[in-house]
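The values are calculated or read from the model by the stated rules, or taken from the named source; none is laboratory data. If you're wondering where the values come from, they're calculated on a predicted model, not measured in any experiment. Note that each Cβ is placed from the backbone with ideal geometry, even for glycine, and that neighbours are counted across all protein chains shown.
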Amino acid sequence: MTLFEKIKNLNLLLIDDDEWIRDSMRLFFEAEGCQLIALETAEQAIELLKTQLFDIIIADFRLPGVNGIEFFKKTRELHPCPLKILITAYMNNAVAKAAKKAGVHDLIEKPFNPDTIEKSLSRLLARSSSRQSKDFK
C-alpha cells in the first residue's frame, strides 16, 4: 500500500503564511487523491480545530501572530492526538527542543520538496502503526 493510499481517508491540515506553499501543497495532495485543508494563520487553525478533527497537522514555525510551536502547545487540549510536523527555515537546537516539548513528531527544514514531506509522513505513519500494534499485544 502506498503512502497516499494510507492517508487518502485521513484529515490533513497545513498552516503556512506563504501562499505559494499552501497552494502547491494542496495541489500536490489533491493530485494524489488526498484532501488537505491549508490555512494562513495559527489563529484560523485554532478556530477550525474547535469543530473539526485532523489526523495530521503540518505547521510552519514562523507565522504571523502565534508561531507554529505555540500553536501546537495551545492545541494540545483541543486536539492531543494528531501527527504533528513543524516546517522551519530557522532550525537550531533551541527550535528543535521547543518543538519536541510541544509534542511535534517531526521537523522539516526549508527549503523542502514533496519527497521530503512523503518521507516524513511515511516515517511517522510507520512509527504510529508500530505503536498501535504494540498497544494491542
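Condition check ((1) under 20 Å from residue 53 (Cβ atoms); (2) of a type in the set (D, E, K, R)) across all residues:
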{"site": "3", "(1), (2)": "no, no"}
{"site": "10", "(1), (2)": "yes, no"}
{"site": "13", "(1), (2)": "yes, no"}
{"site": "19", "(1), (2)": "no, yes"}
{"site": "24", "(1), (2)": "no, no"}
{"site": "27", "(1), (2)": "no, no"}
{"site": "32", "(1), (2)": "no, yes"}
{"site": "39", "(1), (2)": "yes, no"}
Which of the strands (runs of 3 or more DSSP E) contained wholly in the range 52-131 include at least 1 residues that are over 10 Å from the mean Cα position of the chain (by Cα) and more than 28 Å from residue 9 (Cβ to Cβ)? 83-88, 106-109
Looking at the range 84-107, which of the residues that are aliphatic (A, V, I, L, M) and without any contact (Cβ under 8 Å) to a residue 24 or more places away in the chain is farthest from residue 55 (Cα to Cα)? 94
Any chance residue 12 is modelled with pLDDT of 95 or more and at negative phi: yes
All positions within the range 33-51 that are acidic (Asp, Glu) and not in a helix (DSSP H, G or I): 40
